[in-house]
Each structure stands twice: as C-alpha cells, then as structure tokens.
Amino acid sequence: MHYVVIDLEWNQPLSYMSSAYRKVGDRLIFELIQIGAVKLDEKRRLVGSFSCLVTPEHYLKLHPRIRRITGITQEDLADAPRFLEALDEFVRWCGEDCVLLTWGSDDVSVFQQNLDFFKAEHKLPPFYDLQRLYVALLEDNKEKKGLQAALAHFGIVPTDEHPFHNAVDDAYYTALVFQRFPDAQAVLQYPQTPRALGRAKPTPREQAQAVTVRSERAFFSSAAAKSVPCPICGRKGEVNEGYVPQRGLPTALADCPDHGLYFVSVRFERDQDNKLIAHRMTALSDEQSPAYVKTKHLQWAQKVKNHQAQEDSA
Ligand SMILES: [Zn+2]
C-alpha cells in the first residue's frame with residue numbers, strides 16, 4: 001500500500017456579491033486551482049510527486065489574496081487542464097492500492113465540494129487525517145496543531161527549494177511530518193469525512209447611522225451626506241449625484257470598491273431635546289452587474305437634475 005499526502009490550493013469568489021458566486025451560492029465556495037501530492041511507500045520512503053494546476057471554470061478571476069498567498073498567476077492557470085482532466089491524471093498517478101492523507105479537514109472538504117460540483121464519477125481512495133493523529137500524539141500544547149508547529153516540533157526546517165503554499169511543497173512538508181510519527185498505520189484510525197462548506201458569516205446588508213444636524217439643508221451640504229459608509233465594510237463611499245426623494249425619503253447612491261453599489265436614504269427626526277437627527281440608512285443593492293450600476297448612476301443624475309429643476313420653479 002502507498003500513502004499519498006495531498007495538498008490543494010483553491011480560488012474563491014472575488015466577492016459574495018459577484019454574479020459568479022450568486023449563481024451557485026455555497027455549492028461551490030472554493031474552486032480548486034492546484035492539486036499537489038507526494039507518494040510514500042509502505043516504509044514511508046518518498047517515491048514520487050504530483051503537481052497539477054487546474055484552470056478554473058467558474059471563478060475565472062483569481063482572487064488577489066490567493067494570488068498573493070500561492071504565487072499562482074492568472075497566466076499560470078490559462079493553459080492548465082480542467083478539474084475533471086486533472087482529476088483523471090491524479091487518480092491514475094495514485095494507482096490502485098493507496099490511501100490519501102491530508103493535514104486537517106479543509107482539503108478533503110474542498111475536494112469533495114469540487115467533486116460534487118463538477119459531477120466527477122471517479123472512485124477516489126479513502127482519506128485520512130494526519131492532523132488528528134498528530135494532536136493525539138501531542139501530550140501538551142494541543143492548541144499548536146498547525147503544520148508549521150508540527151514542523152517545528154520535529155525540528156524540520158523549511159528550505160527555499162520547497163516554498164510554503166505551493167501545493168506539492170506543502171504536501172512534501174506534511175509527508176516529512178508523517179515520517180516522524182511512531183506508527184504509520186495509526187493514521188488509519190482517523191478517517192476523514194468532508195464537512196459542508198459555506199460562507200463563514202452572513203454579512204449584514206443594511207446599516208443605520210444617526211448624526212446630529214442643524215437643519216435638513218445643513219445636512220445635505222455636510223460631509224455626512226456626501227460620504228457614507230458601506231453597509232458591509234464601513235469604508236466611505238462618495239455620493240456623487242445627490243439625493244432625490246424615493247418612497248418619501250431622500251435617497252442617493254454610493255459605491256464600495258469591494259462590495260459594490262448601495263443605496264443611502266435619510267430620515268429626519270427630533271430627539272427628546274428637540275435636536276434634529278439624520279438617520280442615514282444604507283442597503284447594498286441586489287443587482288451589481290457593471291451595466292446595471294452604470295445605468296443606475298446615469299438615471300440618478302437625471303433624477304437629481306429633474307428634482308432640482310422642480311424645486312427651483314416651485
Ligand atoms: Zn464595502
């Protein structure tokens with residue numbers, strides 16, 4: 001029997017507001033872009049390695065964070081095989097009699113999600129978890145269960161030849177840790193079950209903020225009216241066109257570079273001390289396609305113009 005230590009790299013949606021993400025939702029939250037693996041024989045001697053980039057078919061644009069972490073570029077992926085082709089190669093390379101080993105349950109979960117999403121019919125060897133075995137072996141310091149901590153624990157020093165966050169190199173280091181375990185077969189006590197993946201936290205789509213103002217007119221010429229925080233991240237977006245009444249409330253548009261178009265509406269209210277309060281309410285738009293956003297802004301500029309003309313003639 002062979003042991004195959006596997007490590008994967010994956011891409012993620014550019015934003016949870018992107019149409020690519022919204023089309024599939026949590027059915028594909030991470031898309032594989034690299035399969036890396038090393039093979040060990042029964043005596044845990046390294047006997048081979050496998051590395052294959054995978055061209056993304058759903059999240060076509062590489063997330064900047066992923067590019068930074070992995071060093072993989074959009075160009076690298078352009079000529080790579082698709083997932084099902086890469087999988088063919090990988091399964092063939094694994095051979096008949098082997099088990100797959102990963103560090104923790106992330107890889108197996110992402111792998112399973114990709115298998116399901118792309119309707120793979122390949123029969124894969126069973127997965128086992130080296131991390132759980134490692135934690136079981138640790139007598140104290142059980143919180144230090146990362147791969148880096150395990151390397152340090154065994155005195156394994158990473159070299160420039162094998163940079164981290166390259167799938168095959170991460171698999172290589174994981175294999176070095178595996179070689180130090182007292183009993184190889186013990187890992188078979190830790191079968192893997194993929195967990196369901198989803199967005200970590202649902203992001204709030206609406207926010208409200210109150211500011212004290214002298215008068216309604218003073219509010220609209222203040223910074224509080226002209227730059228308003230994004231409901232998701234709080235970064236300030238400019239109100240370029242201005243406010244027009246919509247469903248009885250002055251409403252404007254703003255944009256966040258990360259989260260896209262949001263609506264800003266204002267409700268005025270007097271508090272107990274008779275101070276005037278402007279409640280700024282922001283809500284992310286459901287529609288974020290560039291064509292829609294552009295049209296919306298043009299439309300808004302026209303509405304503001306019409307509204308001002310009406311005010312002037314009144
Ligand atoms: Zn934002």
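The values are calculated or read from the model by the stated rules, or taken from the named source; none is laboratory data. Please read all numbers here as calculations on a predicted model, not as lab measurements. All Cβ positions, glycine included, derive from the backbone under ideal geometry; neighbour counts span all protein chains shown. What goes into the accessible areas is simple: the full protein's heavy atoms, side chains included, and nothing from ligands, DNA or RNA. Shrake-Rupley method; radii C 1.70, N 1.55, O 1.52, S 1.80 Å.
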Handout entry: 10 Å Cβ shell holding at most 10 others, DSSP loop, trypsin sites (Lys or Arg not before Pro): longest site-free stretch of the chain
Key = 46-118
Completion exercise
In Å², rounded to a whole number, the accessible area per residue of region 135-174 with probe 1.4 Å is 61 Å²
Problem - In order through region 41-47: 3J(HN,Hα) via Karplus (6.51 cos²θ - 1.76 cosθ + 1.60), integer Hz, x for Gly, Pro - result: 7, 4, 8, 6, 8, 5, 10
Practice task
Could you please tell me the mean projected area of the C-alpha convex hull for the chain, averaged over all directions and given in square nanometres to one decimal?
Solution key: 22.4 nm²
Fill in the blank from the handout: At 10 °C and 1.306 mPa s, the Stokes-Einstein diffusion coefficient in µm²/s for region 168-263, with hydrodynamic radius from the Kirkwood sum on alpha carbon pairs, is 86 µm²/s
Handout entry: Surface share of carbon and sulfur [accessible, 1.4 angstrom probe, percent] for region 1-61
Key = 51 percent
Completion exercise
Whole-percent carbon and sulfur contribution to the accessible surface of region 206-313 (1.4 Å, no ligands, DNA or RNA) stands at 47 percent
Handout entry: Surface share of carbon and sulfur [accessible, 1.4 angstrom probe, percent] for region 96-143
Key = 45 percent
Completion exercise
Computed ³J(HN,Hα) along region 67-81: with the Karplus parameters 6.51/-1.76/1.60, θ = phi - 60°, integer Hz and x for glycine or proline, the list is 4, 5, 5, 8, x, 7, 10, 4, 5, 4, 7, 3, 9, 6, x
Handout entry: the chain, helix-only ellipticity at 222 nm - DSSP H runs n ≥ 4, -39,500 (n - 2.57), divided by all residues, nearest 500
Key = -9500 deg cm²/dmol
Handout entry: Solvent-accessible area per residue for region 1-108 (1.4 angstrom probe, square angstrom)
Key = 46 Å²
Completion exercise
Largest-first semi-axes in Å of the equivalent ellipsoid built from the Cα gyration tensor of region 82-216 are 37, 24, 16
Handout entry: Residue-wise HN-Hα coupling along region 205-214, computed from phi with Karplus coefficients 6.51, -1.76, 1.60 (Hz; x: Gly, Pro)
Key = 9, 9, 9, 10, 9, 10, 10, 7, 9, 6
Exercise for the section: Give Lys226/Lys296; Lys43/Lys145; Lys226/Lys303; Lys39/Lys61 a once-over and call out the pairs whose C-alpha atoms are over 22 Å from each other. Expected result: Lys43/Lys145; Lys39/Lys61
Handout entry: Percentage, to the nearest whole number, of Cα pairs in region 206-313 over 24 Å apart
Key = 23 percent
Practice task
Enumerate the residues in region 35-69 having an amide nitrogen under 14 Å from the point lying 7 Å beyond the Cα of Thr159 toward its Cβ.
Solution key: none
Handout entry: GNM top mover of Thr174, Thr70, Thr159 - the chain, alpha-carbon springs below 10 Å
Key = Thr159
Completion exercise
Rh_Kirkwood(region 2-189) over Cα pairs, Å, one decimal, evaluates to 17.2 Å
Fill in the blank from the handout: Heavy-atom accessible area with a 1.4 angstrom probe orders Leu130, Leu147, Leu249, most exposed first, as Leu249, Leu147, Leu130
Exercise for the section: Measure nothing but the geometry: give the 0 to 90° angle between the long axis through the Cα atoms of 290-313 and the longest principal axis through the Cα atoms of the chain, rounded to 10°. Expected result: 10 degrees
Problem - Alpha carbon centroid spacing (whole Å) that separates region 11-75 from region 146-224 - result: 14 Å
